[in-house]
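Working notes, beginning with the structure itself.
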Amino acid sequence: MRRVVLREHGGPGALQVEEAPRPEPGAGQVLLEVAAIGVTLPVVRLVHGEPEVPHLPGGEVAGRVVAIGSGVTGWQVGQRAVGIAFTGGYAEFAVVPAPFLTPIPDAADDAAAVALVRSGQVALGALRAANPQPGESVLVTGAAGGVGHLAVQLARELGPARSTSCSTGSAAMSRPPRWRCWRRSDGSCPTTPTVPWST
């Protein structure tokens, strides 16, 4: 299988693709054939920093279960899943601890599922902690980022009357055609994708 490895410091230019044996899941782990990966701030910081080398970047992965380690229940080979591979996620196959894995609904694609693993959990956790009430407004700063654009959508889905977002023009995300737009109170359109499944 192919995987990405950092064998020397030097930022993204030092990342290499290499051939490696397919990993086997250990006790409490599941092996996924990876269809989509997430590139998140923790991974970017590691690559730009000075991690112990060699380093196998990890993070959000989505794909199909191809092998199940001992002691794991509730999963079947062929089932679609998304989760966090703390190391070795940038590969054709990745081992994920079973408690950090969740099924992907049929209506969601792999890329959308990956986007919700970490950023979605942070956005949802922040909104639940804020506990906005009907009629209140939710202000999301930095709404063009991974957490921010999901927080805008989730705030709307969870029921506040208005959600407002802001970001600098240089940080604004482009909007693919399949995305819809929530209108701000001033009528302008923030750049936010639709939530692919309910929370």
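Looking at Val61, Val44, which is the one that is closer than 18 Å to Val114 by Cβ and crowded, with 22+ Cβ neighbours inside 10 Å?
On the way: Val44 fails: crowded, with 22+ Cβ neighbours inside 10 Å.
Only one candidate passes the filter, namely Val61.
Condition check ((1) part of a helix (DSSP H, G or I); (2) closer than 30 Å to Leu15 by Cβ) across all residues:
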{"residue": "Leu46", "(1), (2)": "yes, yes"}
{"residue": "Val53", "(1), (2)": "no, yes"}
{"residue": "Ser70", "(1), (2)": "no, no"}
{"residue": "Thr73", "(1), (2)": "no, no"}
{"residue": "Gly89", "(1), (2)": "no, yes"}
{"residue": "Ala115", "(1), (2)": "yes, yes"}
{"residue": "Pro134", "(1), (2)": "no, no"}
{"residue": "Val147", "(1), (2)": "yes, yes"}
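Which residues, counting only those in the range 3-13, are assigned to a helix (DSSP H, G or I) and modelled with pLDDT of 90 or more?
In the first step, residues of the range 3-13 are kept if they are assigned to a helix (DSSP H, G or I); the result is 11-13.
None - no residue of the range 3-13 is assigned to a helix (DSSP H, G or I) and modelled with pLDDT of 90 or more, so the list stays empty.
Can you say whether Val96 is among the β-branched types (Val, Ile, Thr) and more than 19 Å from Gln121 (Cβ to Cβ), as far as the supplied structure shows? Can you show your working first?
Working: among the β-branched types (Val, Ile, Thr): yes; more than 19 Å from Gln121 (Cβ to Cβ): no.
When the stated conditions are applied, Val96 does not pass them.
The values are calculated or read from the model by the stated rules, or taken from the named source; none is laboratory data. Given the structure is predicted, the values throughout are model-derived calculations rather than measurements. In this analysis, Cβ positions are derived from the backbone assuming ideal geometry, glycine residues included, and neighbour counts consider all displayed protein chains.
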